[in-house]
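Report on the following structure.
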Amino acid sequence: MRKLSGRRCSRASCTSAAIKTLTYIYSDSTAVLGPLSTYAEPHNYDLCAVHSQRLTVPVGWNVIKEEVIDHNSGPTEEDLMAIADAVREVANTDLNSKSMQPELGRRGHLRVLPSN
C-alpha cells in the first residue's frame, strides 16, 4: 500500500479526480461507496463525482453509501449564544438556591445545612 495524492478515477478513459472509493464485498454481495481512502488498494476502485453518482451494481446486490460528515463546520453563533445563556441561567439558579438555604454551622470548608 502506498499513499497517493491527486488520484484519478479508475474508470477507463476518465481523467477526473477521484473523490470516493468503491469496495466490493463479494461474500456479502455488497458494494460499499465511501469517502476516498487514504491509501490506494489494489482491489478498490477510486471514482470521480460523476461515476460515483452513476454507480450500478449487479441485480440482487446491496449498496452502502457512506457520506462524509464535516466535523469542521462547528456550531453557529446562534448555537453558542443559546448555550451561553443556558449556562448563565443554571449558574444564577444555583447561586440563588444556595443563598436561600441557611447555614447552621461552618467549620473550615465544611458547612452544616438543615435537612429537608
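The values are calculated or read from the model by the stated rules, or taken from the named source; none is laboratory data. A quick note: this is a predicted structure, and the numbers were derived from the prediction, not measured. When we count neighbours, we look across all protein chains shown, and the Cβ atoms used for this are built from the backbone with ideal geometry, even at glycine.
So the values come out like this:
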| read-out | value |
| --- | --- |
| Matching residues in the range 1-28 - criterion: being surrounded by 13 or more Cβ atoms within 10 Å (Cβ to Cβ) and of a type outside the set (K, R) | L4, C9, S10, C14, S16, A17, A18, I19, T21, L22, T23, Y24 |
| Checklist (1) modelled with pLDDT of 85 or more; (2) outside any strand (DSSP E or B); (3) not small (G, A, S) applied to V68, failing item | (1) |
| Identity of the residue in the range 3-59, in a strand (DSSP E or B) and among the aromatic types (F, W, Y), that ends up nearest to the chain's Cα centre (by Cα) | Y39 |
| Residue satisfying all of: in the range 17-61; small (G, A, S) and in contact with a Gly (Cβ under 8 Å, 6 or more places away or on another chain); farthest from R7 (Cα to Cα) among these | S29 |
